[in-house]
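Asks: Right, I'll just put the structure down here and ask away after.
The values are calculated or read from the model by the stated rules, or taken from the named source; none is laboratory data. What you see is a predicted model, and the numbers here were worked out from it, not measured in a lab. As a convention, Cβ positions derive from the backbone with ideal geometry for all residues, glycine included, and neighbour counts pool all protein chains shown.
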Amino acid sequence: MQLPDENIEYQYSRLVAPPAESWTPLAELQAKHLLADDRVDQIKAKLNTVRGQVAAERELQNPPPRLQPLQAGFIDLPQKTLDNFRRKGDASELGRTLRLAQRLKENTDRVVVLGIGGSYLGAKALFDALCHAFHNELPAKMRMGKPRVYFEGNNLDNDALAELLEMLENACVDPDLPEERWGAIVISKSGGTLETAAAYRAVRAEMTKFYGPKSDWLKKLLVPVTGPKGKLRDLAKAEGIADDDVLTIPDEVGGRYSVFTPVGLLPAAVMGLDVRALLLGAAAMTKRFLEEPFDRNPVLQFAAVNHLMTEELGKTTRVMAVWSKKLESVGFWYDQLLSESLGKNNRGATPVTSVYTRDLHSRGQQHQEGTRDKVINNLIVRQQKHPPIVLGMADRNEDDLNQFSRKSLPDILDAAFRGTNQAYADAARPTADLVLPGINEHVIGQLMQMLMIATVMEGRLMGINPYGQPGVEAYKKNMMALLKASPNLPKGEVADQLKGK
Ligand code: PA5
């Protein structure tokens, strides 16, 4: 496969205080809120040591207790997946993923993807970044065989699920018509997450109503993606879904690190994305991380400077400012990655995703003049996919835009970008740029792998285990106890009971 030369880059020079020739109010602010010019150099030796540790963790079969849980499998997974596919073809996990995706694409016009957290956010990020912004609204001819995609099972919102089912009931009436058939992918590594399991029950019941309880479609158009063991796997077996039609999330890959397992790859293939280019991008990033020196290594750069900003300069709010609205869900995916990986022991930066310029009209004031607890990572895209929209001359010039008639939206965005970052720099507000050459599978593969490895690096630099999320269990435990304690009564009667009636 021919891929353009399209490496992503991290540019952090604005995070470093410029040499101050004399005292000025700005120089004083810069000394306080930006990195000293030799600080990054000083941390390079430690970074190399930690990189060596992270690389060595990939090989550990029986990790010592201080490293548990350890789920470093995601680091080499993209290359291994490609190698296995090359060797075993259809019999490899990627081969099976592509086969099941093909089945869903050929036989349905709609696919519901159920999952939450790491079993949802990656696929949603890929959908929003890489599919047409109005994918689900496009006529079938324009979608070229790609089904519409809906995400559910990521909350307990009764009405949202009810409205999805209502839409399916009304849009899909005759299961004999391929354009009215629908399917579902249910994703849960543990197989026991209540949000997803509850939605799956409702969706399965709806499917049974639509196809009939004996229909073969129930086994063919429902694809579970789960860990090697668990309730979802057992349920799939009990429902008669063939073992070969259940995709596996490897034990050694944690939920929020699983976008390059079938968790992300099956929905991606259903959406018609080039999953090999995604994996190639991710594998290239792993190679860069392991082999490149600091100056050409965005993983080391991003981990180092964000670590220093949080831990040494107290920038505990980490804003991912995405300058393309198609990347908002990549930001949300990173929110979870950072929160669940490093938000432990009363530490860890708080992530915030902002879409610029949209949020310059909401959060912008706080970013410019509010609490000095933020570092802003701009996520910018060099090359747009579509030809630039030029303002052009208009007969009526009351809006005064004729002066910019030859300017395009990318020109205006560029002015906004430069103007915003200049304004931040003038107030010693720290910003850096994560530069994407464009938005395509190969680039997004690099970006997601870069952020995942950088998060692990940061965890190791802080002495925090980036794997596992023990804090998430607290709410689950309480929710289960409350559910078990309250009898199976309709809501009104439970309310009456609570009131002691
Ligand atoms: O990162 C994680 O492990 C979590 O966010 C999980 O992905 C999330 O809790 C969903 O879990 P499961 O896939 O087991 O349903």
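Asks: When you check residue 165 against the structure, is it over 22 Å from residue 211 (Cβ atoms), at pLDDT 95 or above, among the aliphatic types (A, V, I, L, M) and over 21 Å from the mean Cα position of the chain (by Cα), yes or no? Full working, then the answer.
Replies: Working: over 22 Å from residue 211 (Cβ atoms): no; at pLDDT 95 or above: yes; among the aliphatic types (A, V, I, L, M): yes; over 21 Å from the mean Cα position of the chain (by Cα): yes.
When the stated conditions are applied, residue 165 does not pass them.
Asks: Also, I was wondering about something else. Tell me yes or no: at least one residue of the range 135-156 is in a loop (DSSP other than H, G, I, E, B), among the polar types (S, T, N, Q) and within 16 Å of the ligand (Cβ to nearest atom).
Replies: Looking only at the range 135-156, we keep the residues that are in a loop (DSSP other than H, G, I, E, B), and these are 138-139, 144-147, 153-156.
Remaining after also requiring among the polar types (S, T, N, Q): 154-155.
Within this subset, residues satisfying the condition of being within 16 Å of the ligand (Cβ to nearest atom) are 154-155.
Yes, the range 135-156 has at least one match.
Asks: For the range 133-154, enumerate the residues that are free of Cβ contacts under 8 Å to residues at least 60 places away in the same chain and loosely packed, with under 13 Cβ neighbours inside 10 Å.
Replies: 134, 137, 139, 141, 142
Asks: Give 162, 199, 205, 184 a once-over and let me know the one that is under 28 Å from residue 234 (Cα atoms) and assigned to a strand (DSSP E or B). Full working, then the answer.
Replies: On the way: 162 fails: assigned to a strand (DSSP E or B); 199 fails: assigned to a strand (DSSP E or B); 205 fails: assigned to a strand (DSSP E or B).
From the options 162, 199, 205, 184, the qualifying one is 184.
Asks: Is it true that some residue in the range 121-139 is out of contact with any Lys or Arg (no Cβ under 6 Å at 6 or more places or on another chain) and either of a type in the set (S, T, N, Q) or at positive phi (or both)?
Replies: no
Asks: With respect to residue 354, determine if the residue is in contact (Cβ under 8 Å) with a residue 12 or more places away in the chain, touching a His at 6+ places or on another chain (Cβ under 9 Å) and not basic (Lys, Arg).
Replies: Working: in contact (Cβ under 8 Å) with a residue 12 or more places away in the chain: yes; touching a His at 6+ places or on another chain (Cβ under 9 Å): yes; not basic (Lys, Arg): yes.
Yes.
Asks: Could you run through the range 420-441 and say how many residues are over 15 Å from the mean Cα position of the chain (by Cα) and part of a helix (DSSP H, G or I)?
Replies: Number satisfying all stated conditions: 7.
Asks: Is there any pair linking a residue in the range 326-348 that is in contact (Cβ under 8 Å) with a residue 40 or more places away in the chain to one that is among the β-branched types (Val, Ile, Thr) and assigned to a helix (DSSP H, G or I), with Cβ under 6 Å and at least six apart or on different chains, and which?
Replies: Matching pairs, first to second residue: 337/455; 341/455.
Asks: Now for a separate question. Got a number for residues in the range 295-342 being assigned to a helix (DSSP H, G or I) and either touching a helix residue (DSSP H, G or I) at 6+ places or on another chain (Cβ under 8 Å) or not small (Gly, Ala, Ser) (or both)? Steps first, please.
Replies: Within the range 295-342, the first condition is being assigned to a helix (DSSP H, G or I), and the residues that meet it are 295-296, 298-311, 325-342.
Filter once more, so that each one left must be either touching a helix residue (DSSP H, G or I) at 6+ places or on another chain (Cβ under 8 Å) or not small (Gly, Ala, Ser) (or both): 295-296, 298-311, 325-330, 332-338, 340-342.
Residues that pass the stated criteria total 32.
Asks: So, restricting to helices (runs of 4 or more DSSP H) that lie completely within the range 213-270, which ones have at least 3 residues that are of a type in the set (D, E, K, R), within 15 Å of the ligand (Cβ to nearest atom) and closer than 30 Å to residue 63 by Cβ?
Replies: Details: elements: 217-220, 231-238, 262-270.
Once the helices (runs of 4 or more DSSP H) in the range 213-270 are filtered for at least 3 residues that are of a type in the set (D, E, K, R), within 15 Å of the ligand (Cβ to nearest atom) and closer than 30 Å to residue 63 by Cβ, what remains is 231-238.
Asks: Let me ask something else about it. How many residues does the range 119-149 contain that are in contact with a Phe, Trp or Tyr (Cβ under 9 Å, 6 or more places away or on another chain) and closer than 20 Å to residue 201 by Cα?
Replies: Counting residues in the range 119-149 that are in contact with a Phe, Trp or Tyr (Cβ under 9 Å, 6 or more places away or on another chain) and closer than 20 Å to residue 201 by Cα gives 2.
Asks: Next question. Of the residues that make up the range 189-202, is at least one surrounded by fewer than 20 Cβ atoms within 10 Å (Cβ to Cβ), at pLDDT 95 or above and away from the ligand (no atom under 15 Å from the Cβ)?
Replies: Yes, the range 189-202 contains at least one residue that is surrounded by fewer than 20 Cβ atoms within 10 Å (Cβ to Cβ), at pLDDT 95 or above and away from the ligand (no atom under 15 Å from the Cβ).
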